[in-house]
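Colleague: Dropping the structure in here first, questions after.
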Amino acid sequence: MAESTSVEVPEVGKSSAEETDKTESKASEEQSSVNLDDNSSAADQEDCAKNEREDDSAQQGSTSRKRKAEPEDHSAKKIHLESSHGEAVAAHYNELQEVGLEKRSQSRIFFLRNFNNWMKSVLIGEFIDKVRQKKQDIAVLDLGCGKGGDLLKWKKAKIRKLVCTDIAEVSMQQCQQRFADMRGRCRPNENIFQAEFITADGSKDLLSDKYTDPEMCFDICSCQFVYHYSFETYEQADKMLKNACGRLCPGGYFIGTTPNSYELVKRLEASEAESFGNDVYTVKFQKKGEYPLFGCQYDFNLEGVVDVPEFLVYFPLMIEMAKKYDMKLIYKKTFREFYEEKIKNEEHKMLLKRMQALEQYPANDNSKLVSDKPEDYEHAEEHMKEGKEGKAKLPLGTLSKSEWEATSIYLVFAFEKQP
């Protein structure tokens, strides 16, 4: 029986962005907690944690915000946008190099990366289950797959067919090799999904023209931390939606994660400058006070790595645009809201711990905290006082305040294809 752990979550952007005034200051730091009781064996925990962390690492080096939230430990390179934005994105991620698990575990954002991967795992698992209630042979489009960070998830889901697409050619080669390696490790009688790999710009190219079967239909399109790149122009955003939703079966789902434009603008308006952030991340806009529907560019920087620009996604507009492809929004939550909803599930709690998605506080004698700033753990200290009064169990599981602020700028969404 693993030791019970209490999870401490700072109050960062708890309310829905639409209901929050853009000039409102950052939310107060109230606390919430749950108990994480993990009944799996130590061996099972270690195996799952290793697989999930390796799964997460492959997501680096492609066109997604999460992959940018998990940079490699190497010198940052500034991308000069002399060519098109898409070419700059591809060039940036093609240049990223992989590092080993041991080095990744030393990263300042090790737990943040694992937490984001847990969010993604829960989202994917939930909609796989929804499709499974209708049919057994499941086909998936992984739009912006990167180096194949979700291949293990699709394997666990026992899908029938997977199409992986990404703009970065090197990332696609690594994704294909990762799939070959995974297939090579399968047991003799173990079945694994069929896969095809397409290097293309999903915001400009019609992907169905590149499928082995142009009439192929999908049950799920997963677009993780990618869609915001397409909001440079209406044409690109529409093309990305057509690729995501055009070949979905009736009742199929378009699921994903993307930066929350309301939260970004709210924090920007609360800032005295044209940027905001902390020692973990920064977001810098070109101009404050003007936010066009398309091409509203900002630069995202995390842990000293400079990435290519991103674009605000005005979500109500995305909802309207999706109707063109018979898509209806059925689910939308901020990361904070999604976490608080899903952590009530015992299986999700155990997965959170196995994936090492939260940092232990206080640290044990053989480790140290990822942040050396006491204020990053003030919320945990407050919760520990409750623990001494018998209201909470120790040690706590948490992220530093800086990491909570970084991850709380995102939201999860799901659309359903109407008949």
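The values are calculated or read from the model by the stated rules, or taken from the named source; none is laboratory data. This is a predicted model, so every value here is computed, not measured. Methodologically, a virtual Cβ is constructed for each residue, glycine included, from the backbone with ideal geometry; neighbour enumeration extends over all protein chains shown. Heavy atoms of the whole protein, side chains included, go into the accessibility calculation; ligands, DNA and RNA do not. Shrake-Rupley method; radii C 1.70, N 1.55, O 1.52, S 1.80 Å.
Colleague: So, in nm, how far is label E215 from label D365 when the simple model puts each one 7 Å beyond its Cα toward the Cβ?
Modeller: 6.9
Colleague: May I ask which of K120/K342; K158/K417; K120/K153 have a Cα-Cα span longer than 18 Å here?
Modeller: As for pairs spanning more than 18 Å Cα to Cα, those are K158/K417.
Colleague: Under 19 Å from a label point 7 Å along Cα→Cβ of K135: give me every residue in the stretch 222-240 with its amide N that close.
Modeller: Taking a point 7 Å out along Cα→Cβ of K135, the residues of the stretch 222-240 whose backbone N falls under 19 Å are 222-223.
Colleague: If amide H atoms are built 1.01 Å from N in the plane of the peptide, which residues on other chains or at least 5 residues away come under 5 Å of the amide H of F218?
Modeller: Placed amide hydrogens put L248, C249 under 5 Å from F218.
Colleague: Something else about it: From the cross-link list K147/K333; K239/K332; K344/K401; K284/K368, which pairs have alpha carbons spaced over 25 Å apart?
Modeller: Violating the 25 Å limit, Cα to Cα: K147/K333; K284/K368.
Colleague: Can you tally the net charge around S208? Count Lys and Arg as +1, Asp and Glu as -1, for every other residue whose Cβ sits under 13 Å from the Cβ of S208.
Modeller: Net charge in that neighbourhood comes out at -1.
Colleague: Using only the alpha carbons, work out the radius of gyration and Dmax of the stretch 325-419 in angstrom.
Modeller: 17.1, 58
Colleague: If you plug each phi of the stretch 200-207 into the Karplus form 6.51 cos²θ - 1.76 cosθ + 1.60 with θ = phi - 60°, what whole-Hz ³J(HN,Hα) values come out, in order, with x for Gly and Pro?
Modeller: For the stretch 200-207, the Karplus curve yields 6, 8, x, 9, 9, 9, 7, 5 Hz.
Colleague: Within 10 Å of each candidate Cβ there may be at most 10 other Cβ atoms; applying that plus a DSSP loop requirement, which GluC sites (Glu not before Pro) in the stretch 132-213 survive?
Modeller: Answer by residue number: E190.
Colleague: Give me the net charge for the shell around Q236: Cβ to Cβ below 9 angstrom, other residues only, Lys and Arg +1, Asp and Glu -1.
Modeller: Its environment carries a net charge of -2.
Colleague: A further question on this structure: Go through H348, H379 and list them by solvent-accessible area, largest first, probe radius 1.4 Å.
Modeller: The residues order as H348, H379, largest area first.
Colleague: Rounded to whole Å and sorted largest first, list the principal axis extents of the Cα atoms in the stretch 238-306.
Modeller: Largest first, the stretch 238-306 extends 47, 27, 18 Å along its Cα principal axes.
Colleague: Amide H neighbours of G146 under 5 Å, at least 5 residues apart or on other chains, H built in the peptide plane: list them.
Modeller: T63
Colleague: Right, here's the next one. Considering amide H positions built from the backbone, and no H for Pro or chain starts, which residues 5 or more places from Y211, or on another chain, come under 5 Å of its amide H?
Modeller: none
Colleague: Still on this model: I'd like the distance separating the alpha-carbon centroids of the stretch 340-378 and the stretch 224-273, in whole Å.
Modeller: That distance is 29 Å.
Colleague: Counting each pair of different Cα atoms once, what's the Kirkwood radius of the stretch 155-257 in Å, rounded to one decimal?
Modeller: For the stretch 155-257, inverting the mean 1/r across all distinct Cα pairs yields 14.8 Å.
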